[in-house]
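Undergrad: Provided herewith is a single structure, encoded as structure tokens, for subsequent inquiry.
The values are calculated or read from the model by the stated rules, or taken from the named source; none is laboratory data. Everything numeric in this text was worked out from a predicted model, so none of it was measured. In case anyone asks, the SASA skips ligands and DNA or RNA and just uses the protein heavy atoms, side chains included. Shrake-Rupley method; radii C 1.70, N 1.55, O 1.52, S 1.80 Å.
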Amino acid sequence: KLAQPNDVSLRTLGVSGFPNQHCCLVFNPRTRAVGLAPTRFKQAEVNLYYLAMSLKILKETQRECQFSLDPKGTISDEKQVKAFYPSSLANTVFGEVLFQADYTLKQLSFGEGARPVKDMMSIFELMEQSGSTEPLQSRQWFVISNSGVRRTADGVVCPFVDMGVSARRIEQGPDGKYRDAPMTKNTDASVQYAQSFTRNFGAIADAIPEIGELREVGRAMVLARYLLEQGASLDARTASKFAAVVVGDKARYPMEIPTLRRQRTKSSVDLGGSGELSVSRRTMVMHGGVDLRATQEKKVPEVQVPEQVLEPQAPKFKCPLFVAAAA
């Protein structure tokens, strides 16, 4: 598990006396003050390290992060290249969450490992079922289709994301560079797999840690953007205490990995009399990535809900990541 636990982040923030590591944020839109409180409400809980890193990325780049696995040269190249935005995410815990989630998606799409959802077919199985003749190079992208923040009657801000998978083709442009184009035919196995993954995303994220961590990063990114848009002022000095934790020796961190390529062999016997055995082989090449940009709104939508989620005697703490604006 890559996530930095909240008890470590609370120590980094200098917050003492917090009763546990299940943290939520309390926001006052009038004063733009941000506080911390313990919570048992899963939808309100947020990872403070992911939040701090999301705030720093948004302040520095003015947009959400992105990751992709791209062909190194031609589509048939034996190597693919990791591309992070911003590039500083390479070899960091935050960036590794994006990479591992993306790589896990590709493995699942090829039918590797245990099925996270019963009867969910791989791309190869969908090809065989439909007799698809689609191109054997494609991308599978994690995307956010809907996101927002629910603000409760007691001021708790609960970020939510509806994530899914988008299937795209890889095309070579006039400039020789590769670019994505949407795959729109519902008969394409890649489209069918993306639709199936999207329908089952919640169950898959609950079952597979790499996908669950990506969901938490997405929630933190949405919450960070919301707070900045609402006028919460980031304390740059405190935020700087949250370093980009590395996952290994930076000099040895591989930016190139073998291209994800799988071959499916199918044999059949001619029952018409010849008894001849025929063997067919299909090779699939997969690229893709993670795009955490929200597309449905210029600003993160807020929905006010009448429920209160804090315990009646729950203590509240200042959140040193932010400076309260003048009332």
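Undergrad: In the Gaussian network model of the chain, springs joining C-alpha atoms below 10 Å, which of R40, R225, R215 carries the largest mean-square fluctuation?
TA: With Cα springs under 10 Å in the chain, the top fluctuation among R40, R225, R215 is at R40.
Undergrad: With every protein chain present, what is the per residue accessible area of the chain (1.4 Å probe, Å²)?
TA: 49
Undergrad: Could you tell me how far the Cα centroid of the range 85-102 sits from the Cα centroid of the range 6-22, in Å?
TA: Here the answer is 25 Å between Cα centres.
Undergrad: List the pairs from K241/K316; K185/K298; K42/K118; K72/K177; K79/K185 whose alpha-carbon separation is above 19 Å, in the order I gave them.
TA: From the list (K241/K316; K185/K298; K42/K118; K72/K177; K79/K185), the Cα-Cα distance tops 19 Å for K241/K316; K185/K298; K42/K118; K79/K185.
Undergrad: Would you look at the GNM of the chain, springs on alpha carbons closer than 10 Å, and say which of Q43, Q62, Q313 moves the most?
TA: Q313
Undergrad: Please give the direction-averaged projected area of the C-alpha convex hull for the range 1-159, in square nanometres with one decimal.
TA: Over all viewing directions, the range 1-159 projects a mean Cα-hull area of 13.6 nm².
Undergrad: Right, something else. Between helix 93-109 and the chain, what is the angle of the helix's C-alpha long axis to the longest principal axis, kept within 0 to 90° and rounded to the nearest 10?
TA: Helix 93-109 sits at roughly 30 degrees to that axis.
Undergrad: Using only DSSP helix segments of four residues or longer, with each worth -39500 (n - 2.57), what per-residue ellipticity at 222 nm results for the chain after dividing by its residue count and rounding to 500?
TA: Value at 222 nm, helices only: -8500 deg cm²/dmol.
Undergrad: For the range 25-52 and the range 165-232, write down the distance between their C-alpha centroids in whole Å.
TA: For the range 25-52 versus the range 165-232, the Cα centre distance is 25 Å.
Undergrad: Moving on. Keeping all protein chains in position, work out how much accessible area H22 exposes to a 1.4 Å probe, and write it in Å² to the nearest 10.
TA: 80
Undergrad: Something else now. Give me the percent of the accessible area of the range 14-173 that comes from carbon and sulfur atoms, probe 1.4 Å, all protein chains in place.
TA: Percent of accessible area from carbon and sulfur atoms in the range 14-173: 45.
Undergrad: Still on this structure, I have one more. Report, to the nearest 10°, how far helix 189-199 tilts away from the longest principal axis of the Cα atoms in the chain, using its own Cα long axis and a range of 0 to 90°.
TA: It works out to around 30 degrees.
Undergrad: Now, a different point. Which of K241, K59, K298 moves most in a GNM of the chain, Cα contacts under 10 Å?
TA: Evaluated over the chain, the most mobile residue of the options is K298.
Undergrad: Which lysines, if any, have their Cα less than 22 Å from the Cα of K299, not counting same-chain residues under 8 positions apart?
TA: List returned: K56, K59.
Undergrad: On a 1.4 Å probe surface of the protein chains, which of D249, D188, D77 comes out largest in accessible area, and what is the full order? Can you show the working numbers first?
TA: Working: D249 85, D188 15, D77 45 Å².
Sorted by accessible area, descending: D249, D77, D188.
Undergrad: If I fit a long axis through the Cα atoms of helix 48-61 and take the longest principal axis of the Cα atoms of the chain, what angle between them do I get, 0 to 90°, rounded to 10?
TA: 80
Undergrad: Over all Cα pairs of the range 103-185, how is the pair count split among 5 Å bins, expressed in % and running from 0 up to the last occupied bin?
TA: The distribution over the range 103-185 is 3, 11, 15, 18, 16, 12, 9, 7, 5, 3, 1, 0, given as percents.
Undergrad: Next question. Apply the Karplus parameterisation 6.51 cos²θ - 1.76 cosθ + 1.60, with θ equal to phi minus 60°, to every residue of the range 160-173 and state each ³J(HN,Hα) to the nearest whole Hz, in sequence, with x for glycine and proline.
TA: Those phi angles translate into 9, 9, 9, 9, x, 10, 10, 8, 9, 8, 9, 10, 9, x Hz.
Undergrad: Here's another thing I want to ask about it. Any idea what Rg and Dmax come out to for the chain if you just take the C-alpha atoms, in Å?
TA: Here Rg and the maximum Cα pair distance are 22.6, 88 Å.
Undergrad: What do you reckon, how do D162, D70, D119 stack up by accessible area (1.4 Å probe), largest on top?
TA: Numbers: D162 70, D70 40, D119 120 Å².
The ordering from most to least exposed comes out as D119, D162, D70.
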